Every structure is written in C-alpha cells, then in structure tokens.
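The values are calculated or read from the model by the stated rules, or taken from the named source; none is laboratory data. Since this is a predicted model, take the numbers as computed values, not measurements. Ideal geometry is used to build each Cβ from the backbone, glycine not excepted, and the neighbour counts take in all protein chains shown.
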Amino acid sequence: MATISRHKPAPMRKPAIRTVKAAPAATPDRSGAQAAPGAAARGGAALPPPILDSQTQSAIFEQASRLFHSGGYAAALNLFEQAATGPMREMAHSARLHARMCMRRLSRPDMSLRTPDEHYDYAVTLINERKFEQAERHLLLAIAQTPKADHLFYALALCRGLAGDIQSAYGNLRRAIELHPRNRAAARNDPDFAEIGQLSPLADLLYPERATNS
C-alpha cells in the first residue's frame, strides 16, 4: 500500500501464494519405524529427530520460508524446527530464529488491541497475510473510534478489493478520497491497487479523465 495521510506505514507487497508440497518423510530408523521429529513415543521419551543431509535441510527450510511469508506460522514452525537439526550451521541458526518468530506471532494477543493505530497496524499485517475478514474487523473497529481517518478507509478499500468485493472497495476508496483527495493519486501509484484498480467501478473513480476523453 502506498504511503497515505498521517504517514501510516504501508502494507508490504504480498508474496504469491504457492502450493506447498508435503515435507520430506522422516528417515526410518534401523528397526523400520518412522521417527517423527519432536513427537513423543507413547508411554516413553521423545524419539530422536531424523538425521538430515544438507540438501534435505535446504528443501525444508525453503518450504518453511514460503509458509512463513504466506502467514502459515504453525506449519512453518514445525518445518523450521526440522531444518534447525540439519548440518548447515548458518541455516540451522536462521531456522531457530524463524521458529521463535513463528511462536511469537502465533501467541500474538489479538484482543489486547485498543487504539485505532493498534488496530490499523495489525490490520495491515493481516492484509499481508491475506486474512481479509480479520483485517476488515480491525479496520472497522478503528473507524468506529476515528470515523474521519482517511487512511483507514483507504486500507479497508484495499482489503475488500483484494477479497473480491470491488463494489465495497469503491465505496471505501471514494470516502478516503473525499476525506483527502491525494488518496486518488496514492491508489493510482499503489502496486496493491494495480490489478483491482482497473476494474469498474474502481477504474472510473481512479481515472475520471478516461470518461471525459471517451
């Protein structure tokens, strides 16, 4: 999202959502049993993690990174913990750091948010994670407290547009432009609006000169 009024931080561009293949199966032990990393044997101690070679470690780390950047923190945590047991020390260290980041994000206290800015910042994160319904809820809570904050309507327009509700995106972006006209130029230059901004009626709102010239 482009920088908007009140200089609110813009959402980072969202990574493409890719289909993630299942993680490589754990190496069987000599008895033929399948060892699950971190899983406790029934009635006994945890089984030792599988021994990874560098190629498998790299593949698991790459898969975990894709999940992390698409917001799949629970699945990414499990894979980062696996990658942390591999032979490449730098990658293992990075995997441990990312595992801690996953745990922090999974335990983030959603309901402790109170101020409009807190709701806005969290909504931006949720938009980047493509969790549009949750993001919308926090933006509406922020708007209820500050109903003339143009950046909130701008973010809500983007959220609803990316979720496929172009008509609602139009209404909210029109309100953002009414509150602060420079939001029109912001949206025209915002990569996040690049695709949905070409759809009617958003296109008519963003490019009124086209109707004049036609």
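What are the residues in segment 81-115 that are farther than 29 Å from residue 57 by Cα and over 18 Å from the mean Cα position of the chain (by Cα), if any? Of everything in segment 81-115, those that are farther than 29 Å from residue 57 by Cα and over 18 Å from the mean Cα position of the chain (by Cα) turn out to be 111, 112, 113, 114, 115. Among the residues of segment 179-212, the one identified as touching a Ser or Thr at 6+ places or on another chain (Cβ under 9 Å), of a type in the set (A, V, I, L, M) and closer than 16 Å to residue 161 by Cα is 186.
The helices (runs of 4 or more DSSP H) found wholly in segment 116-187 and carrying at least 1 residues that are farther than 13 Å from residue 205 by Cα, among the small types (Gly, Ala, Ser) and within 17 Å of the chain's Cα centre (by Cα) occupy 116-128, 132-145, 150-162.
Return yes when residue 200 is part of a loop (DSSP other than H, G, I, E, B) and either surrounded by 16 or more Cβ atoms within 10 Å (Cβ to Cβ) or at pLDDT below 95 (or both) and no when it is not. Talk me through it step by step, then tell me what you get.
Details: part of a loop (DSSP other than H, G, I, E, B): yes; either surrounded by 16 or more Cβ atoms within 10 Å (Cβ to Cβ) or at pLDDT below 95 (or both): yes.
Yes; evaluated as a whole, the condition is true for this residue.
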